[in-house]
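The values are calculated or read from the model by the stated rules, or taken from the named source; none is laboratory data. Because the structure is predicted, anything quoted here is derived from the model rather than measured. We place every Cβ from the backbone using ideal geometry, glycine too, and count neighbours over all the protein chains shown. Each accessible area value is taken on the protein alone, full model and side chains, heavy atoms only, with ligands, DNA and RNA left out. Shrake-Rupley method; radii C 1.70, N 1.55, O 1.52, S 1.80 Å.
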Amino acid sequence: MTGPYVIGCDVGSQGTNCALYSAEGTLVASSYQGYDLSFPFPGAAEQDPDLWPAAVVAGVRELLDRVPEGATAVKGLSFGSQLDGMVVCDKGAHPLRPAMIWMDRRAEKQAAAVSQRISPEDFYRAVGANLDSSHAVFKALWVRDEEPDVWADAKFLMSPGTYVLREVAAAVAVDYSNASSMALLDPRSRTWSPEALAAVDVPESMLGEVVAATEPISRIRGSFAEATGLDLSTIVAVGCGDEMAATLGAGVFEPGEVCDVVGTAEPVCAASSEPREDPTMLVECHPHADPDAWLLENPGFVSGGNLRWWRDQFAPIERGAEAEGLGDAYDLLSKEAERIPPGAEGLVFLPCMQGAMAPEWNGAARGVFYGLTLAHSRAHMTRAILEGSAFALRDILEAMVAAGLEVNRLTIVGGGAKGPLWRQIKADVTGLPVRVPTSVETTATGAAILAAVACGLHGSVADAVDAFVAYRPEQHEPDPERREVYDEAYRRYRNTYAALKPVFAGG
């Protein structure tokens with residue numbers, strides 16, 4: 001493999017994966033650096049923001065050892081960074097406190113206060129995002145209310161992506177997708193929303209300049225070049241949010257293509273050629289990593305996490321077999337579930353173990369098995385868990401259609417993409433064909449695509465996607481007979497959720 005090369009960095013909440021790609025899109029090497037989270041009190045989740053650039057430095061330094069031509073062969077660098085985080089910084093762009101990351105939910109009081117000044121419906125229309133404490137601006141408001149001494153010195157409110165960019169290239173800029181995760185960006189104009197800024201009472205001067213994810217920064221910091229070994233001429237693309245990078249790295253940027261990211265949670269993103277509104281507010285509208293596209297997105301219900309819970313609590317034999325090298329525990333459970341007919345013979349699972357994100361946003365909802373009889377086995381319950389996630393996926397897809405988007409195909413990425421039974425169930429439940437990319441590192445791939453465009457190795461995002469993204473030869477097609485069975489099972493799932501809403505509300 002010869003250069004030129006680009007590096008894509010997936011800056012996540014548990015670690016950073018840096019990946020080296022050739023200009024032709026071939027993965028040459030990757031390096032992972034883990035780091036810690038802290039949970040100082042219930043509902044809080046924090047991280048030292050300096051861990052992120054330090055991990056990028058360590059990862060890039062390792063990758064350069066795999067470049068025989070030397071550092072000048074690496075032409076570009078970019079990032080897909082965790083969304084919905086908040087870094088409160090002073091006038092020198094130094095953090096004043098630990099970052100509050102995406103899973104931090106301490107700002108419920110602040111979100112409720114904002115809802116007294118602007119209705120959730122008007123807020124959604126202004127910024128395409130729900131008035132929900134998961135979004136970054138509400139975490140900043142918590143600092144303003146609870147840590148006034150810190151807030152007095154605050155000059156910049158940064159996303160994790162902006163903070164990493166600042167450390168790498170000395171620029172305080174934010175791309176459209178990271179700005180949108182602040183819940184302050186108008187997705188139509190891709191500028192800060194005056195209505196949202198007025199509602200939260202935050203000055204625009206505290207926010208970075210909003211630019212495209214492919215925007216090139218012409219020089220890296222001297223200190224970053226010295227620490228990594230990169231040449232000072234390396235071009236840095238501003239980068240984007242990790243969900244957008246994962247979606248782009250899966251080749252999903254054309255209207256109607258849907259990316260199903262199946263990990264512990266299951267975000268679902270569909271590309272659109274224009275911004276759209278979902279009247280039910282089940283899906284949000286955010287700018288995509290591709291500057292010419294938008295995403296309709298649901299941030300994700302617990303999905304793979306349910307299956308892991310099931311494996312850990314109810315599959316000791318399969319876990320023991322895996323420990324002895326006799327097969328993967330998930331594969332063994334799936335083979336058992338494969339013998340059960342579609343619809344699990346009337347058994348329904350609601351995948352709401354940590355609240356619901358489908359068929360609506362409902363933090364009070366809880367996981368449920370409904371319809372159990374003495375004829376049901378563990379295999380039925382395993383299949384019901386797989387089907388429950390597929391039904392929640394269908395909820396989200398139907399909301400996207402209601403927003404005016406035609407959905408044509410599913411591209412599944414993440415650990416949950418490995419199971420052929422689950423992929424086929426999703427094809428049958430949704431009526432859509434399902435494909436899987438050959439690369440599992442789609443967030444780093446998406447970041448590398450942005451770097452390749454910014455440094456001129458590819459003329460457009462579309463050209464870079466053609467080079468960097470390939471798919472497995474097999475594609476799962478929906479089966480019409482199973483689809484009919486699942487239509488009835490889906491109605492049973494929706495009726496079960498509706499019947500239990502008053503129970504959930506009662507606590």
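Here are the numbers for this structure:
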{"item": "Summed residue charge, Cβ within 15 Å of ILE118's Cβ, Lys/Arg positive, Asp/Glu negative", "result": "-4"}
{"item": "Sequence-distant residues sharing a close amide H with VAL238 (under 5 Å, placed H)", "result": "GLU215, ILE217"}
{"item": "Projected label distance in nm at THR26 and GLU484, using a 7 Å step from Cα toward the beta-carbon", "result": "5.0 nm"}
{"item": "Relative contact order %, segment 425-502, counting alpha carbon pairs below 8 Å whose residues are six or more apart", "result": "46 percent"}
{"item": "Directionally averaged projected area (convex hull, Cα atoms, segment 105-193), nm²", "result": "6.1 nm²"}
{"item": "Protein accessible area in segment 50-108, 1.4 Å probe - carbon and sulfur %", "result": "54 percent"}
{"item": "THR430, THR191, reordered so the largest accessible area comes first (probe 1.4 Å)", "result": "THR191, THR430"}
{"item": "Extension gain from ALA54 to ALA73, taking 0.36 nm per residue of separation minus the Cα-Cα distance", "result": "4.6 nm"}
{"item": "Under 22 Å between alpha carbons - lysine pairs in the chain that sit 8 or more apart or on different chains", "result": "7"}
{"item": "Projected label distance in nm at GLU274 and GLU338, using a 7 Å step from Cα toward the beta-carbon", "result": "4.5 nm"}
{"item": "Contact order normalised by residue count of segment 278-410, Cα under 8 Å, 6+ apart, percent", "result": "27 percent"}
{"item": "Efficiency of FRET from Cβ geometry, LEU326 and SER115, R₀ 30 Å, rounded to 0.05", "result": "0.05"}
{"item": "Protein accessible area in segment 408-507, 1.4 Å probe - carbon and sulfur %", "result": "52 percent"}
{"item": "Relative contact order computed over the chain (Cα-Cα under 8 Å; 6+ residues apart), in percent", "result": "16 percent"}
{"item": "Contour minus Cα-Cα distance for ASN362 and GLU209 (0.36 nm per residue)", "result": "51.7 nm"}
{"item": "Solvent-accessible area per residue for segment 397-505 (1.4 angstrom probe, square angstrom)", "result": "42 Å²"}
{"item": "Cα-derived Rg over Rh, computed across the chain with Rh taken as Kirkwood radius", "result": "0.97"}
{"item": "For segment 156-264: accessible area per residue (Å², 1.4 Å)", "result": "30 Å²"}
{"item": "Neighbourhood charge, 15 Å Cβ-Cβ cut-off, centred on PHE41 and excluding it, Lys, Arg +1 and Asp, Glu -1", "result": "0"}
{"item": "Other-chain or far-sequence residues with amide H under 5 Å of ASP479's (modelled H)", "result": "ASP428"}
{"item": "Amide H contacts of TYR471 (H built 1.01 Å from N, under 5 Å, at least 5 apart or other chain)", "result": "THR438"}
{"item": "ALA198-SER223 FRET efficiency (beta carbon distance; Förster radius 41 Å; 0.05 resolution)", "result": "0.60"}
{"item": "ALA505 versus SER189: modelled label distance in nm, points set 7 Å from Cα along the beta carbon direction", "result": "3.8 nm"}
{"item": "With all protein chains modelled, accessible area of THR72 [1.4 Å, Å²]", "result": "80 Å²"}
{"item": "Solvent-accessible area of TYR330 with every protein chain in place, 1.4 Å probe, in Å² to the nearest 10", "result": "70 Å²"}
{"item": "Karplus-derived HN-Hα couplings along segment 354-359 (A = 6.51, B = -1.76, C = 1.60, θ = phi - 60°), whole Hz, x at Gly and Pro", "result": "10, x, 10, 10, 7, x"}
{"item": "The chain: angle of helix 480-505 to the longest principal axis, Cα-based, in degrees nearest 10", "result": "80 degrees"}
{"item": "Degrees between helix 329-338 axis and first principal axis of the chain (Cα, 0 to 90, nearest 10)", "result": "40 degrees"}
{"item": "Alpha carbon centroid spacing (whole Å) that separates segment 442-484 from segment 241-311", "result": "14 Å"}
{"item": "Phi-based couplings in Hz for segment 414-422 (Karplus 6.51, -1.76, 1.60; Gly and Pro marked x)", "result": "x, x, x, 6, 6, x, x, 5, 5"}
{"item": "Segment 35-186: radius of gyration and largest Cα-Cα distance (Dmax), Å", "result": "17.2, 60"}
{"item": "Per-residue ³J(HN,Hα) for segment 428-434, Karplus 6.51 cos²θ - 1.76 cosθ + 1.60, θ = phi - 60°, Hz, x for Gly and Pro", "result": "5, 6, 8, x, 10, x, 10"}
{"item": "Stretch gain in nm, segment LYS418-GLU345, where the contour uses 0.36 nm per residue and the Cα spacing is subtracted", "result": "23.8 nm"}
{"item": "Solvent-accessible ranking of TRP294, TRP309, TRP52, largest area first, probe 1.4 Å", "result": "TRP309, TRP294, TRP52"}
